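Okay, so here's the structure we're looking at.
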Amino acid sequence: TASTASTVASATMWASAFPEPTESLVSKMFSSVIVVDATNRYVKLLNCADRYASSVDIPSYIKQKVENGSTVWYASDDNYEGEEGQTDVYRVTKLGFSTFGQAKNLTEITIPSTITEIGDDCFAGCTALNSVIFEVTTGWKAGNTTLSSSDLANPTTAATFLTSTYKNDIWTRS
């Protein structure tokens, strides 16, 4: 669907790189999707597969399907479970260690409201990253340091914090 494509990533970036149906794009974007909590349906994304992307929108939810014997993960902006062939819906809550590490062309990213943990070195080596938009700016800590909502509301400051100032810390949101 159109909302799926817009949730997954910037359409201009992914449409040319992956002309196949948008439902398979999460599998193309992230080489690993780890189920953190099967009961409450939370997942962690690891290893951004496209280190040449300039912009990424992290999905809030991903849905799981089995197609031709293979598990396919696809992005969604809702947690609706009624689609044919779908087995589960998971909320994306964590970004793992070095998920976007060395993505040197990445200039902007949006952290959705569902994210409550960002792994250490998640954006290590993202030297061009200059804009990080947090959908929720309150309640964040980098290690033991409480971060200011006003700092995280500034996309440039948020990028500096993630790539430099607090890059070695695990970020959590309460």
In segment 75-174, the trypsin sites (Lys or Arg not before Pro) that sit in a DSSP loop and have at most 15 other Cβ atoms within 10 Å of their own Cβ are K104
Which of K65/K167; K94/K141; K104/K141; K104/K167 exceed 23 Å between C-alpha atoms? The answer is K65/K167; K104/K141
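Any read-out appearing in this document is the output of simple, stated calculations on the displayed coordinates, not a laboratory observation. Quick caveat, the model's predicted, so the values are computed rather than measured. Cβ sites come from the backbone with ideal geometry, for glycine too, and all protein chains shown count toward neighbours.
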